[in-house]
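I have a structure I would like to understand better, so I am pasting it below and will then ask my questions one at a time.
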Amino acid sequence: MNIGVVWFRQDLRLEDNPALAQACKQCDSVLCVFIDDPLDQTVSQLGEASRVWLHHSLKALDDSLKKKGNALVCLQGESLAVLQMLISDTGASRIFWNRCYDPVTIERDKQIKTALKECEPSTSNGMLIFEPWENLKGDGTPYRVYTPFWRAAAKQLDERQNLLAPVPTPRTIPAVDTAISGALSGAKPLDALGYLPDKAWPAQMMSHWQVGEAAAKKKLVVFLKGAVTDYDEGRNLPGQTGTSQLSPHLHFGEISPRNVIAKLANGRALAELEGGEETFAKEIVWREFAYCLIFHYPHTIDSPLDKRFERFEWAEDTGEHLRRWQQGLTGVPIVDAGMRELYATGWMHNRVRMIVASYLIKNLLVPWQSGEVWFRDTLVDADLASNAMGWQWTAGSGADAAPFFRVFNPVLQGEKFDKQGDYVRRWVPELSTVTNKYVHKPWELSGAEKQALDYPEPLVDLKETRVRALDAFAKLKGTK
Ligand SMILES: Cc1cc2nc3c(=O)[nH]c(=O)nc-3n(C[C@H](O)[C@H](O)[C@H](O)COP(=O)(O)OP(=O)(O)OC[C@H]3O[C@@H](n4cnc5c(N)ncnc54)[C@H](O)[C@@H]3O)c2cc1C
């Protein structure tokens, strides 16, 4: 009896899961496991919101496996030790997993691969369309500018159709004998992993979401039938559901990016996509760009890619400002709306992510790493690669970044992208009766209306702090 272990990580699905498909093909029975490893950066760097999502996602995976006559075994401990114990308990002869690309996991997995070589570890790409080394410049170095990265990616996708051929869901996933699986030392119920804090907010946050592979597929279908058409414009309007909201599903691998692009293209070449469809394909490929960056420049998780920024003079004693930003109490409506949306739902619209990040970095001069850490703790889609790239993009220190001197004006951004103030009023109810004219700048109200307002005055002056940021940048460039 040839037993194969499938080690699930950020691939919590059955369809287009190469590790699972191979195990089903090559082994008589398959043991599906998840390990809660305190050293596993894909888990231990998870913030509270992500841990809640992970709990529900593992539950959904277990349900899907049960429908196939199998089940998910949850274990806790250092991955290598747990896998060795598993192999000795079950007599498993093979092990399969899909690769992760953050530096700590790569290093840990390398050691496991060597230590378990008698089980011929088989690793696959289940997380990305391209391996980080598959879409490089002609001279073999990584792209640092997005447009040529996208062009080369789209060309490859049109030339290598196999890149977009999702692996079908295995028809059967034969379970190991219950005498073996029932006697596993260390198997734990999912609840015992402790991902769900005993507090009220997880239920409130998760009321905004359906978790798991089936929900992700349904969401994609709905998006492709509707909002994708107007995505070019809709993706900038935080008051509408103009984006797919697939990010947490993609992060935890409930759906693969290959599947998303394949369903979007629906047999067409990428070169044939136009308007919203083309822009959406480009966004999915931004995620690939982020993984390429983290793989080739692993230090960029918490250090600037542009080394000049190591000398940047941030403000001193930023604790109170950071706290007010986190709480959505800066007195700048669109910033506060974004931060409160984040806290309530575990997600924030991309346009608003850029605005709140710019405000923290440039108006408050708080180091971008503090914002990155807060996002990592509170986002359900928190992702080392995309988060670091998003923060460095805003700070001007990353690849293809917005120049530092482009300081978003949150009032103008609000007036442009939330014209009627619907988004701000939804998340900042203190402003629900303020007219459109003042909803993005309530400090300009006067008289009784101002008196009646129960909303903070702006934490800082937007114009003065813009000048302060530009001065700091000029010093960095040596022009001041
Ligand atoms: C400061 C900052 C931090 C961010 N942190 C994260 C993060 O931790 N995790 C995360 O997934 N995204 C992050 N993003 C990128 C982006 O904001 C989200 O991917 C997007 O808002 C998710 O919503 P959606 O699924 O509706 O996106 P859609 O617009 O529907 O896009 C589809 C998918 O494309 C990918 N994508 C879209 N935009 C980007 C982008 N700029 N970079 C990388 N991938 C992208 C995502 O996987 C997304 O789900 C960050 C952006 C900024 C500015």
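Taking amide H positions as placed 1.01 Å from N in the peptide plane, with prolines and chain starts having none, which residues 5 or more places from G77, or on another chain, fall under 5 Å of its amide H?
D36, D37
Work out the count of Lys pairs in the stretch 307-477 where the Cα-Cα distance is under 25 Å, with the pair 8 or more places apart or on different chains.
24
For the stretch 1-125: lysine pairs with Cα atoms under 26 Å, gap of 8 or more or different chains, count?
Lysine pairs satisfying the spacing and distance rule in the stretch 1-125 number 9.
If R₀ is 56 angstrom, what is the calculated FRET efficiency for the pair E464 and E78, using the beta carbon separation as r and rounding to 0.05?
Values: r = 51 Å, r/R0 = 0.92.
The formula returns an efficiency of 0.65 here.
I've got another one for you. Please check the chain for the longest run free of GluC sites (Glu not before Pro) that are loop-located per DSSP (anything but H, G, I, E, B) and have at most 16 other Cβ atoms within 10 Å.
No qualifying site falls inside 317-480, the longest such stretch.
Oh, and also: Normalised by the number of residues in the chain, what is the relative contact order in percent for Cα pairs under 8 Å and 6+ residues apart?
Numbers: 769 pairs, mean separation 84.0, N = 480.
The normalised contact order for the chain reaches 17 percent.
Where a ≥ b ≥ c are the square roots of the eigenvalues of the C-alpha gyration tensor, would you call the stretch 1-125 rounded, which needs a/c under 1.5, or, failing that, prolate if a/b is larger than b/c, or oblate?
Values: a/c = 1.58, a/b = 1.12, b/c = 1.42.
Oblate is the answer for the stretch 1-125, as a/c is 1.5 or above yet b/c matches or exceeds a/b.
Got a sec? Which residues in the stretch 345-371 would a label at Q240 touch, if it sits 7 Å along Cα→Cβ and we count backbone N under 16 Å?
349-352
Efficiency by 1/(1 + (r/R0)^6): what FRET value for Q26 and D230, r their Cβ-Cβ distance, R0 = 35 Å, to the nearest 0.05? Mind dumping the intermediate values first?
Numbers: r = 46 Å, r/R0 = 1.30.
Plugging the Cβ-Cβ distance into 1/(1 + (r/R0)^6) gives 0.15.
Loop only by DSSP, 14 or fewer other Cβ within 10 Å of the Cβ. Give me the chymotrypsin sites (Phe, Trp or Tyr not before Pro) in the stretch 366-456 that pass, ordered by residue number.
Values: sites: W368, W374, F375, W391, W393, F404, F405, F408, F417, Y423, W427, Y438, W443; in loops: F404, F405, F408.
Counting only loop positions with at most 14 other Cβ atoms within 10 Å, the chymotrypsin sites (Phe, Trp or Tyr not before Pro) in the stretch 366-456 are F405.
Run the quick spin-label model on E274 and R151: label points 7 Å from Cα toward the beta carbon, then report their separation in nm to one decimal.
Distance between the two pseudo-spin positions: 2.1 nm.
Counting Lys and Arg as +1 and Asp and Glu as -1, what is the net charge of the other residues whose Cβ lies under 14 Å from the Cβ of D63?
Details: positive: R13, K59, K66, K67, K68; negative: D62, E213, E254.
Surrounding charge for D63 is +2.
Given Cβ point charges of +1 (Lys, Arg) and -1 (Asp, Glu) and nothing else, what value in debye, to the nearest 20, does the dipole of the stretch 367-480 about its Cα centre take?
Rounded to the nearest 20 debye, it is 520 debye.
Separate question: Given a Förster radius of 56 Å and the C-beta distance between E444 and W133 as r, what FRET efficiency does 1/(1 + (r/R0)^6) yield to the nearest 0.05?
It comes to 0.55.
So which trypsin sites (Lys or Arg not before Pro) in the stretch 99-189 pass both tests, a DSSP loop state and at most 16 other Cβ atoms within 10 Å of the Cβ?
Hits after loop and neighbour filter: K137, R160, R171.
Kirkwood Rh over alpha-carbon pairs of the stretch 107-253, then Stokes-Einstein at 25 °C and 0.890 mPa s: what D in µm² s⁻¹, rounded to an integer?
Working: Rh = 20.5 Å.
For these conditions, the coefficient is 120 µm²/s.
While we're on this one: Which lysines have a Cα less than 17 Å from the Cα of K282, not counting those fewer than 8 places away in the same chain?
K155, K263
Still on this structure: From the gyration tensor of the Cα coordinates in the stretch 307-477, what semi-axes in whole Å does the equivalent ellipsoid have, largest first, with each one equal to sqrt(5λ)? Before the final figure, lay out each step's value.
Numbers: eigenvalues 142, 68, 37 Å².
Taking √(5λ) for each eigenvalue gives 27, 18, 14 Å, largest first.
Based only on Cα atoms, what mean projected area does the convex hull of the stretch 292-333 have, in nm²?
Value for the stretch 292-333: 4.7 nm².
I need the trypsin sites (Lys or Arg not before Pro) found in the stretch 238-274, filtered to DSSP loop residues with at most 14 other beta carbons within 10 Å of theirs.
R268
Using only the C-alpha atoms of the stretch 218-292, find the volume of their convex hull and express it per residue in Å³.
Spread over its residues, the Cα hull of the stretch 218-292 gives 95 Å³ apiece.
Shifting gears a bit: Do the sum for the chain: with -39,500 (n - 2.57) for every DSSP H run of n ≥ 4, divided by all residues, what is the mean residue ellipticity at 222 nm, to the nearest 500 deg cm²/dmol?
-14000 deg cm²/dmol
Continuing with the same structure: Using the Kyte-Doolittle scale, which helices in the chain average at least 0.0 and also have C-alpha atoms spread 30 Å or more along the helix axis, with helices defined as whole DSSP H runs?
Working: long enough: 275-296 (31 Å, 0.10).
Length and hydropathy pass: 275-296.
While we're on this one: May I have the pair-distance distribution P(r) for the chain, computed from all Cα-Cα distances with 20 Å bins from 0 and rounded to whole percent?
22, 53, 22, 2, 0
Sticking with this one: Over the stretch 1-125, what is the relative contact order in percent, taking alpha-carbon pairs closer than 8 angstrom and at least six residues apart?
Value for the stretch 1-125: 36 percent.
Shifting gears a bit: In nm, what is the difference between 0.36 nm times the number of residues separating S303 and F405 and their Cα-Cα distance?
Roughly 34.8 nm would be gained on extension.
Quick note: the coordinates plus some simple rules give every number you see, no bench work behind them. Quick caveat: nothing in here was measured; it's all calculated off a predicted structure. Because the Cβ atoms are built from the backbone with ideal geometry, glycine has one as well, and the counts that use them run over all protein chains shown.
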